[in-house]
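The values are calculated or read from the model by the stated rules, or taken from the named source; none is laboratory data. All of these numbers come straight from a predicted model, not from anything done at the bench. Don't worry about glycine lacking a Cβ; one is built from the backbone with ideal geometry, like all the others, and counts go over all protein chains shown. When the accessible area is computed, the model is the full protein with side chains, heavy atoms only, and any ligands, DNA or RNA have been set aside. Shrake-Rupley method; radii C 1.70, N 1.55, O 1.52, S 1.80 Å.
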Amino acid sequence: MMEPMSHTVSLPDTGRFFEIRFESIGGLGAHAAGQVLATAAVLRMGLNGANFSSYGSEKKGSLVRSFVRLGPPDYPIRTSAPVEMPDAIVVFHAALLRNPATLAGLRKDGTLIYNAPQGPVPRELSALPRTARVIRVDALGIAVKEQSRPNAVLLGTLCAAFSFLDAGKVLDALSEEFAGRHPEAVASNERAFRSGATEFELLASVGRAEGDLPASRTEPVWGYETQPIGGIIPEPGNTAWNDLSASRTGWLPVLDREKCIHCGVCDLVCPDLCLVWGDAEDGGKFERELMGVDYRYCKGCLRCVESCPTGALGKEAETPGLADGLRVPLFPDLIG
Ligand code: SF4
Ligand code: SF4
């Protein structure tokens with residue numbers, strides 16, 4: 001049974017809800033993070049709060065947003081609309097920064113926390129408000145080290161960023177969430193949470209925009225008055241246009257051509273035909289040679305790495321820009 005509330009924490013006095021948006025992909029635990037945070041706020045911190053998530057298909061790799069709305073205990077929450085103008089955005093995967101909707105609506109004094117190892121700051125972040133706070137944490141690196149998941153790390157960073165979020169109570173809620181189903185994960189989650197609360201970087205002078213960022217409204221493109229005549233396909237497309245970068249969970253297959261014997265086993269197991277082949281040079285031992293990987297279509301399943309008999313394909317942690325730098329395009333004429 002839940003302990004009675006010992007105290008109520010103070011929210012920033014803004015006269016409105018404090019709102020957080022988790023931007024993620026299926027499999028990284030954003031939905032669970034939102035649930036844990038809202039549960040801790042309501043049952044352990046004496047706040048009023050709500051959480052819900054939106055996602056498309058249930059499969060791993062699809063876009064997931066989780067929304068948390070917090071208010072004083074006597075402040076009823078009567079909306080369940082998505083958070084459009086968040087005080088904080090937590091990005092679980094750096095590839096999501098390419099999508100302008102990820103940063104949409106961040107308030108000028110808001111906070112962005114994003115998961116990436118040290119390295120150059122993605123240029124997309126210059127679209128942030130000049131006055132916003134930007135925090136980077138290597139959530140995947142910490143999660144791998146502690147045998148946990150990025151959501152535990154990012155919750156730790158979020159609590160460190162906002163003193164009204166009681167880290168001890170959020171950690172208690174996180175541990176309780178796992179104690180029943182995965183007791184073996186409780187200790188590793190705790191270590192990951194504590195590392196997330198300390199091993200982050202505050203980045204200076206990142207944003208260039210003035211004021212709040214505009215919200216992204218996902219209204220239907222067509223209504224009953226504007227829809228095209230039946231039978232017309234106004235936006236033709238095919239799988240060649242797909243970009244699966246955001247489906248990766250932090251790892252990339254990287255080819256060492258010196259070790260490759262061009263056997264084609266990787267191509268047999270790849271579910272998305274990402275391996276790019278070219279004609280071998282005249283007089284060479286092979287007719288066709290593996291040139292590299294088109295990361296646009298790679299979802300990071302690493303089947304190719306597991307199957308490669310020579311170790312020519314290895315796995316590397318994805319850092320911003322790595323995939324773009326190594327990419328060998330399958331369709332060089334495709335623009336975009
Ligand atoms: S499985 Fe390994 S050795 Fe064979 S073609 Fe692929 S990368 Fe080269
Ligand atoms: S990790 Fe390898 S097998 Fe998986 S999608 Fe990417 S290239 Fe294909």
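Of the residues LEU112, LEU106, the single one that is in the same structural domain as ASP138 (by TED's automatic domain parsing) and touching a Pro at 6+ places or on another chain (Cβ under 7 Å) is LEU106.
Within the set VAL206, VAL221, the sole residue that is more than 16 Å from ligand 1 (Cβ to nearest atom), open to solvent by less than 70 Å² (accessible area, probe 1.4 Å), farther than 25 Å from GLU316 by Cβ and outside any helix (DSSP H, G or I) turns out to be VAL206. Residues of segment 274-316 that are more than 10 Å from ligand 1 (Cβ to nearest atom) and either in contact (Cβ under 8 Å) with a residue 60 or more places away in the chain or polar (S, T, N, Q) (or both): LYS299, LYS315, GLU316.
Suppose we filter HIS182, HIS93 for residues that are open to solvent by 10 Å² or more (accessible area, probe 1.4 Å) and either closer than 24 Å to ASP243 by Cβ or at pLDDT 95 or above (or both); which single one remains? Going through HIS182, HIS93 in turn, the sole match is HIS93. The residue that is most open to solvent (accessible area, probe 1.4 Å), counting only those in segment 107-119 that are within 14 Å of ALA95 (Cα to Cα) and in a loop (DSSP other than H, G, I, E, B), is PRO117. Might you let me know whether segment 315-326 holds any residue that is over 24 Å from VAL91 (Cβ atoms) and either within 26 Å of the chain's Cα centre (by Cα) or not assigned by TED's automatic domain parsing to the domain that holds ILE142 (or both)? Looking through segment 315-326, none of the residues is over 24 Å from VAL91 (Cβ atoms) and either within 26 Å of the chain's Cα centre (by Cα) or not assigned by TED's automatic domain parsing to the domain that holds ILE142 (or both). When the residues of segment 260-276 are filtered to those that are over 31 Å from the mean Cα position of the chain (by Cα) and within 14 Å of ligand 2 (Cβ to nearest atom), the one that is farthest from LEU244 (Cα to Cα) is CYS260. Counting only strands (runs of 3 or more DSSP E) that fall entirely inside segment 34-103 and contain at least 1 residues that are of a type outside the set (A, V, I, L, M, F, W, C), the qualifying elements are 48-55, 63-71.
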